[in-house]
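What follows draws every value from the coordinates through simple rules; no lab data is involved. Owing to the predicted nature of the structure, the values given are computational and were not obtained by experimental measurement. Because the Cβ atoms are built from the backbone with ideal geometry, glycine has one as well, and the counts that use them run over all protein chains shown.
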Amino acid sequence: MEKLKIALLAGGDSPEREIALQSAAQIEAALDRTKYDITLIDLHHRDWHYTAPDGRQWQIDKNDFSLTVDGTRTEFDYALILIHGTPGEDGKLQGYLDMMGVPYSSCSMTSSVITFDKITTKRTLAGRVRLAREIFLRRGDTADPEQIVDRLGLPLFVKPNANGSSFGVTKVHTREELPAALEAAFAQGDEVLIEECISGREMGCGVMIAGGKEYLFPITEIVSKKDFFDYEAKYTAGFSDEITPADITPEVRAELNRMTLDAYRTCRCSGVVRVDFIVTPEGKPYFIELNSIPGMSAGSIVPKQVRQMGMTLGEIYDIIIADTCRK
């Protein structure tokens, strides 16, 4: 049987580029080479290249999403997207692949646009999950620290509206810290979300619906040793504890699973997704964000959940690839 020719798309243009390359390397190692002919493609702005074993680089022909190496042309059957941030999570790459007629592993273009934009995600999920109160700002809007604090209280979070891995996110404890926090968030984009701080335990919930079956991964409790689960806590050993499965009551687990599936379906997700929540001391989960292409590096949450439920990443992606190719 002829192998499926897969373009494993890695890198990207966001501050999460290095994590995306690590994720792609882990998935490349996990895939079954007897089933798939895998080509790792590094995307960085206009440079979409394959690096041969001898170090030479060959560019993707974006006119038809093909690759020619030493005169041999490859037309890819499938794209496996492991790019966090733009252009992998914001829908740009999905739109291109749709035009090329190439099936892919992640959420659709429409779903990616919704889930990458934090305020759009919240407005889509309003009434279905518990949400922190927020103030949404565009560059140039007036931001009065007194009014913001009076409305949302302290502490609060200031974050870019469209970004990941906690880049540009600040936990603000005093009014005086707000201007610098807003400056840091606006350095990452033109829109900023200010949210009230919901106190409680942070939970990461992996989920996938494929082949007509729901896969609810074991829930992970994230215990940051920093003030919150920032970039350093996420990717530096020793700065957080990730407990899988989380020590929670059956009632809280059931509510988290319900809200996770509701978020997945409402945002019309595909493939593996991670939905994060804060669970208050009273046992009420509040939605934080939805990661449409969650980290798959050795230190990431979802791979640990997959192992905990007795599966491998290779098996998970076999299911995704088969499901999306059928569609």
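What dipole magnitude, in Debye to the nearest 20, does the stretch 4-105 give about its Cα centre under +1 on Lys/Arg Cβ and -1 on Asp/Glu Cβ?
My answer is approximately 120 debye.
Grab the eigenvalues of the alpha-carbon gyration tensor for the chain, scale each by 5, take roots, and send me the semi-axes largest first in whole angstrom.
The answer is 35, 23, 17 Å, longest axis first.
Based on the Cβ-Cβ distance of Glu176 and Glu214, what FRET efficiency does E = 1/(1 + (r/R0)^6) give at R0 = 41 Å, to the nearest 0.05?
Approximately 0.30, to the nearest 0.05.
Quick one: work out the % antiparallel among DSSP beta bridges in the stretch 69-200, nearest 5.
90
Tell me, what is the percent relative contact order of the chain, built from C-alpha pairs under 8 Å that lie six or more residues apart?
This gives 19 percent for the chain.
Would you kindly state how much longer the chain becomes between Glu282 and Thr249 on full extension, computed as 0.36 nm times their sequence separation minus their alpha carbon distance, in nm to one decimal?
Working: separation 33, 0.36 × 33 = 11.88 nm, distance 1.15 nm.
Gain in length upon complete extension: 10.7 nm.
Got the relative contact order for the stretch 12-168 handy, in percent, Cα pairs under 8 Å and 6 or more residues apart? If you can, show how the numbers build up before the last one.
Details: 155 pairs, mean separation 29.1, N = 157.
Relative contact order for the stretch 12-168 comes out at 19 percent.
If each DSSP helix of 4+ residues adds -39,500 (n - 2.57) and the sum is divided by the residues in the chain, what number results at 222 nm, nearest 500 deg cm²/dmol?
Taken over the chain, the calculation gives -9000 deg cm²/dmol.
So, in nm, how far is label Ile119 from label Lys327 when the simple model puts each one 7 Å beyond its Cα toward the Cβ?
According to this spin-label approximation, the distance is 2.9 nm.
What FRET efficiency comes out for Thr51 versus Glu2 if R0 is 25 angstrom and r is the Cβ-Cβ distance? Round to the nearest 0.05. Mind showing how you got there, number by number?
Numbers: r = 25 Å, r/R0 = 0.99.
The computed FRET efficiency comes out at 0.50.
Grab the beta carbon distance between His44 and Ser224, set R0 = 30 Å, and tell me the FRET efficiency rounded to 0.05.
0.50
Taking the simple approach of a point 7 Å from Cα along Cα-to-Cβ for both Phe136 and Thr110, what is their distance in nm?
1.9
Using Cα centres only, tell me the gap between the stretch 168-215 and the stretch 81-114 in whole Å.
Each part reduced to its Cα centre gives a spacing of 22 Å.
What whole-number distance in Å separates the alpha-carbon centres of the stretch 262-327 and the stretch 3-32?
When both Cα centres are located, 17 Å separates them.
Please sort 168-179, 283-294 by packing, taking for each peptide the average over its residues of neighbouring beta carbons within 10 angstrom, highest first.
283-294, 168-179
Over the stretch 4-105, what is the mean sequence separation of C-alpha contacts under 8 Å (at least six apart), divided by residue count, expressed as relative contact order in percent?
With pairs under 8 Å counted, the relative contact order is 34 percent.
If you place +1 on the Cβ of every Lys and Arg and -1 on the Cβ of every Asp and Glu, how big does the dipole about the Cα centre of the stretch 134-196 come out, in debye to the nearest 20?
Details: 6 positive and 12 negative charges, 37 e Å.
The dipole of the stretch 134-196 has a size of about 180 debye.
Pairwise over distinct Cα atoms, reciprocal of the mean inverse distance: report the Kirkwood radius of the stretch 134-196 in Å, one decimal place.
The Cα-based Kirkwood calculation yields 11.2 Å.
Using the Kirkwood radius over Cα pairs, work out the Stokes-Einstein diffusion coefficient for the stretch 234-327 at 37 °C and 0.692 mPa s, in µm²/s as a whole number.
The Stokes-Einstein estimate is 220 µm²/s.
Could you give the dipole magnitude of the chain about its Cα centre, charging the beta-carbon of Lys and Arg +1 and that of Asp and Glu -1, in debye to the nearest 20?
That gives a dipole near 720 debye.
Can you tell me the Rg and Dmax of the stretch 4-105, counting just the alpha carbons, in angstroms?
12.7, 35
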